[in-house]
């Protein structure tokens, strides 16, 4: 297995590798992920966290290091351990395992082979394939766009869901959404992002102000009727998918100005993203993880993500196997039949 300390070194090696049964696949991975590579290069500058990149056969593993609380599932208990994460060094739902046209069984086998080589504690986060133990992390929620306009989307909903959204939009009728160039992202915007991270149950990576100013993306700020800044959203279009990356807002009260309702504010933000994605013609709108109920009631579908932990010490690894079920996300139990013509989309039982 080859190890690289920068994504640039990884890319150069993949492009210059001597012809093997794996080299053409690695070159294809690099070519198909240019946007991701540019993001990783930026993160090495603005969010250095011990990034390392591994090549095992014809797969690439993106890793970084953090202090992980192994007892996060127990209130008021902490056991922080230095951990190698296989995942993106940024809090988005994308997997840190890069492969091409790989059968799940073969990919699983290669990932597990690579894990036996790595020393210490390694956690695979947001995997798209099930790994031993079938432990889940937070699911991803994606809006599959089949509409030509926002009104068509609303009319396709069952009346109870449409009525709820109409009430939400009525509450947000005085909100203004204004596009902001990344270089004009201010400390006031950034403080709203920090407020979100302070409330997060599992804040792995907190980005710097510089990331928002330097990453090529679409940023919209949200202001109330008096011009008070309430929130912002950051989006990135890649291919046929619009990705909701980050946002910032404070909880209800004085911080939300005359609007005063952070739940409705957040729903209006998500509706703006869906409307923007529909109008731009994206086939998929990736709304990310968390807020399962809110996103499912907007018509999103759930994409399962998986978690796996392994330690190179066999005794510690045996303990991890016994505790692994405690790390698994229990999921959202209710399914919502949002659209008139749709079958049920999620869970056990219909609402």
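Give me 212, 4 sorted ascending by neighbouring Cβ count inside 10 Å, so fewest comes first.
On the way: 212 24, 4 18.
With the fewest neighbours first, 212, 4 line up as 4, 212.
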>> Angle check, please: helix 314-327 long axis (alpha carbons) against the longest principal axis of the chain (alpha carbons), in degrees 0 to 90, nearest 10.
In response: 10 degrees
> By the gyration tensor of its Cα atoms, with a ≥ b ≥ c the square roots of the eigenvalues, what is the shape of the range 2-129: rounded for a/c under 1.5, prolate for a/b over b/c, or oblate?
Replying inline: prolate
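Work out the FRET efficiency for residue 170 and residue 251 from their Cβ-Cβ distance, taking R0 = 35 Å, and round it to the nearest 0.05. Don't jump to the answer; show the numbers that get you there.
Details: r = 21 Å, r/R0 = 0.61.
For residue 170 and residue 251, the calculated efficiency is 0.95.
State the extension gain, in nm to one decimal, for the chain segment bounded by residue 279 and residue 22, taking 0.36 nm per residue of separation less the distance between their alpha-carbons.
Working: separation 257, 0.36 × 257 = 92.52 nm, distance 4.08 nm.
Gain on stretching residue 279 to residue 22: 88.4 nm.
Starting from 0.36 nm per residue, how many nanometres of slack lie between residue 179 and residue 323 once their C-alpha separation is accounted for?
On the way: separation 144, 0.36 × 144 = 51.84 nm, distance 4.61 nm.
Value of the extension gain: 47.2 nm.
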> In terms of the Cα gyration tensor, with a ≥ b ≥ c the square roots of its eigenvalues, is the range 155-289 rounded because a/c is under 1.5, prolate because a/b exceeds b/c, or oblate?
Replying inline: oblate
>> What distance in nm lies between label points placed 7 Å from Cα along the C-beta direction at residue 67 and residue 148?
In response: 5.7 nm
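Roughly speaking, what is the stretch gain from residue 117 to residue 6, that is 0.36 nm per residue apart minus the C-alpha to C-alpha distance, in nm to one decimal? Working shown, then result.
Details: separation 111, 0.36 × 111 = 39.96 nm, distance 1.98 nm.
Fully extending the segment from residue 117 to residue 6 adds 38.0 nm.
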> Evaluated at 4 °C with a viscosity of 1.567 mPa s, what Stokes-Einstein diffusion coefficient in µm²/s does the chain have when Rh comes from the Kirkwood expression over alpha-carbon pairs?
Replying inline: 59 µm²/s
> So for the pair residue 155, residue 340, with labels modelled 7 Å out along Cα→Cβ, what separation do we get in nm?
Replying inline: 0.9 nm
> Taking the Cα atoms only, what angle lies between the long axis of helix 23-32 and the longest principal axis of the chain, rounded to 10 degrees?
Replying inline: 20 degrees
> What's the angle, to the nearest 10 degrees (0 to 90), between helix 262-280's Cα axis and the longest principal axis of the chain?
Replying inline: 80 degrees
> Using r as the Cβ-Cβ distance of residue 103 and residue 31, and R0 as 22 Å, what FRET efficiency do you calculate, to the nearest 0.05?
Replying inline: 0.55
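With the cut-off at 1.5 for a/c, could you classify the range 130-221 from its C-alpha gyration tensor as rounded, prolate or oblate? Numbers along the way, then the final one.
On the way: a/c = 1.97, a/b = 1.17, b/c = 1.68.
Here the range 130-221 falls in the oblate category.
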> So for 211, 272, fewest C-beta neighbours within 10 Å to most, what's the order?
Replying inline: 272, 211
> Ranked by Cβ crowding within 10 angstrom, fewest neighbours first, how are 157, 88, 169 ordered?
Replying inline: 169, 157, 88
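Taken together, the values in this text are just the output of simple stated rules run on the coordinates, not laboratory data. Remember, predicted model here, so these are calculated numbers, not experimental data. As a convention, Cβ positions derive from the backbone with ideal geometry for all residues, glycine included, and neighbour counts pool all protein chains shown.
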